[in-house]
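Every number here is computed from the coordinates shown, using simple stated rules; none is lab data. A quick note: this is a predicted structure, and the numbers were derived from the prediction, not measured. Every residue, glycine among them, receives a Cβ derived from its backbone with ideal geometry; neighbour counts consider all protein chains shown.
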């Protein structure tokens with residue numbers, strides 16, 4: 001398959017062919033290191049990057065709650081040591097400074113009563129904020145609101161945190177209609193929520209805090225909100241998992257805790273007291289030895305299914321022992337009851353084996369693909385339930401949302417190309433099912449409408465901080481093309497346009513970034529090579545340059561340097577140490593197969 005394409009590109013000087021021996025050695029090294037990351041139970045936990053944003057919110061919550069000074073001080077020291085040279089903070093230690101994380105970090109030092117001890121750190125942070133979003137509290141609050149637009153999922157928590165620290169007046173914090181949480185859960189998508197579906201705990205807790213500090217001047221609304229407090233708190237308690245961490249996420253849990261503590265709700269209501277106590281326990285349990293917090297506990301189901309599917313792409317599942325245990329573990333992760341957080345029907349999978357995980361449209365197809373690869377069957381009951389769950393989630397536009405059907409007004413509740421393509425790959429395992437055929441047609445129509453004029457697609461849950469508007473068309477295009485590949489549609493016009501875009505956006509060094517001109521990364525280069533190895537027409541010189549870049553990266557040891565390409569909730573950056581390993585195994589596994597067949 002790796003044959004020169006007829007055309008102008010072949011007039012370039014042909015780079016030296018990468019020898020099969022080097023490809024094999026690089027593949028074996030990547031595979032061995034990926035397999036070595038399995039835990040004693042046989043699955044992959046992964047490791048999410050430490051987060052300044054998570055650390056700041058946790059420090060703020062624990063400072064307000066009180067009694068954990070040693071933990072707070074370790075967190076403050078970590079923040080001080082990981083400020084960027086410009087005085088601000090990014091979401092991760094590899095991220096560019098941004099006003100949101102910097103405002104949260106500044107508030108954490110003040111709420112902890114450590115402004116004098118870290119005066120130099122705060123002075124640099126103030127300088128960064130003054131340059132980026134103005135010198136007054138009103139200007140800084142407006143900059144936060146402008147950054148997120150109509151979506152209040154993250155802007156209101158940031159401003160609440162700043163108000164608690166005395167950095168902005170409460171008049172700058174928009175209200176949240178927490179009384180809407182008292183409606184039946186099935187009505188939420190019709191209620192015009194100002195936050196995304198996964199942020200309902202924040203809506204309830206922060207809404208009550210704003211009501212406490214700045215009640216509305218309208219008597220009827222004020223009475224309604226006051227009357228809704230007890231019931232909405234009971235809703236909040238039902239949504240909290242046994243771990244105490246909402247979505248296993250440090251920021252969301254921290255915002256809920258600091259909100260309820262600040263308005264003394266936990267002293268007046270039993271439900272609020274339970275939520276705060278369990279939330280604090282979660283924060284104390286999830287802090288790292290260096291004093292930092294990650295954005296989430298782990299992505300165990302996600303990285304496990306990605307690892308299995310990478311080995312399947314490499315046609316090397318025989319290297320994976322204890323497959324029966326993995327099949328059993330994945331089946332046990334399938335939701336069997338209606339989920340209390342989103343109201344999702346049984347049948348889906350979430351991103352983690354921990355109780356705060358919520359079933360979604362990316363982890364579910366990943367699990368279905370992994371189960372089918374290991375058990376050679378897409379006909380068992382667990383698989384059928386998962387596939388039906390995906391079909392039931394499909395939006396009216398034909399695309400797949402993350403958690404809830406019909407929540408399409410705010411960014412992370414809309415349909416996503418990466419999610420839709422992943423679902424297509426799962427449905428393609430049972431192509432004769434009429435329900436799969438209908439869902440597939442609708443999904444393909446959606447992807448055709450979402451393809452950009454240049455041939456690329458944008459993902460929902462991944463980005464690139466070096467690209468305009470933080471987009472990552474390399475990730476999105478590769479994920480969509482994987483669906484076209486699995487459905488044997490790579491020769492169709494949309495796929496050919498996507499492939500041309502990938503070739504055109506290769507960097508001069510041979511690798512790929514989020515788009516041409518952004519720094520090449522292991523993750524994005526491997527994703528591109530995995531797809532291009534199966535392209536109907538392959539530009540062999542360009543493919544060899546890309547393969548050389550990735551093999552050199554493995555041989556030099558730099559291939560494990562993870563890039564912050566992941567988006568967590570509300571567009572928070574993260575990196576995951578297993579992504580480079582997983583994507584490299586899939587790419588080199590494909591190249592290894594091709595060199596054996598030529």
Would you mind checking the radius of gyration and Dmax of region 51-294 based on alpha-carbon positions, in Å?
17.1, 50
Sort 321, 316, 432 so the one with the fewest other Cβ atoms within 10 Å of its own Cβ comes first.
432, 321, 316
Label points 7 Å out from Cα along the Cβ direction at residue 508 and residue 138: separation in nm?
4.9
How much length is gained on full extension from residue 380 to residue 69, taking 0.36 nm per residue of separation minus their Cα-Cα distance?
106.7 nm
Relative contact order in percent for the chain (Cα pairs under 8 Å, 6+ apart) equals 18
I want to make sure I understand the PRE zone here: with the label point 7 angstrom from the Cα of residue 182 toward its beta carbon, which residues in region 255-278 have backbone N atoms less than 17 Å away?
269-272
Using only the alpha-carbon atoms, how far is helix 493-504 inclined from the longest principal axis of the chain? Give it as 0 to 90 degrees, nearest 10.
90
To make sure I understand, if each residue's beta carbon is the centre and we count other beta carbons within 10 Å, what order do 103, 400 fall in, fewest to most?
103, 400
What the Cα atoms of region 416-487 span along the principal axes, largest first and in whole Å, is 43, 19, 17
Provide the gained length on full extension for the span residue 336 to residue 452, in nm with one decimal, where the gain is 0.36 nm per separating residue minus the Cα-Cα distance.
37.9 nm
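Test of understanding: ordering 327, 261 by Cβ neighbours within 10 Å, fewest first, what list do you get?
Final ranking by Cβ density, sparse to dense: 327, 261.
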If one takes the longest principal axis of the Cα atoms in the chain, at what angle in degrees, from 0 to 90 and to the nearest 10, does the Cα axis of helix 578-597 lie?
10
Burial ranking of peptide ranges 477-483, 217-223 (average Cβ count within 10 Å, highest at the top):
477-483, 217-223
Distance in Å, no decimals, from the C-alpha centre of region 277-333 to the one of region 141-180 is 34
Any idea how far the Cα center of region 410-441 sits from the one of region 77-128, in Å?
42
For the chain, alpha-carbon Rg over 2.2 N^0.38 Å:
0.97
What FRET efficiency comes out for residue 115 versus residue 226 if R0 is 25 angstrom and r is the Cβ-Cβ distance? Round to the nearest 0.05.
0.10
Suppose R0 equals 22 Å; then what is the FRET efficiency for residue 321 and residue 28 from their Cβ-Cβ distance, rounded to the nearest 0.05?
0.85
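Using R₀ = 30 Å, calculate the FRET efficiency as 1/(1 + (r/R₀)^6) where r is the Cβ-Cβ separation of residue 432 and residue 150; round to 0.05.
After rounding to 0.05, the efficiency reads 0.10.
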For residue 441 and residue 170, compute 0.36 nm times the residue count separating them, minus their Cα-Cα distance, and round to one decimal in nm.
92.6 nm
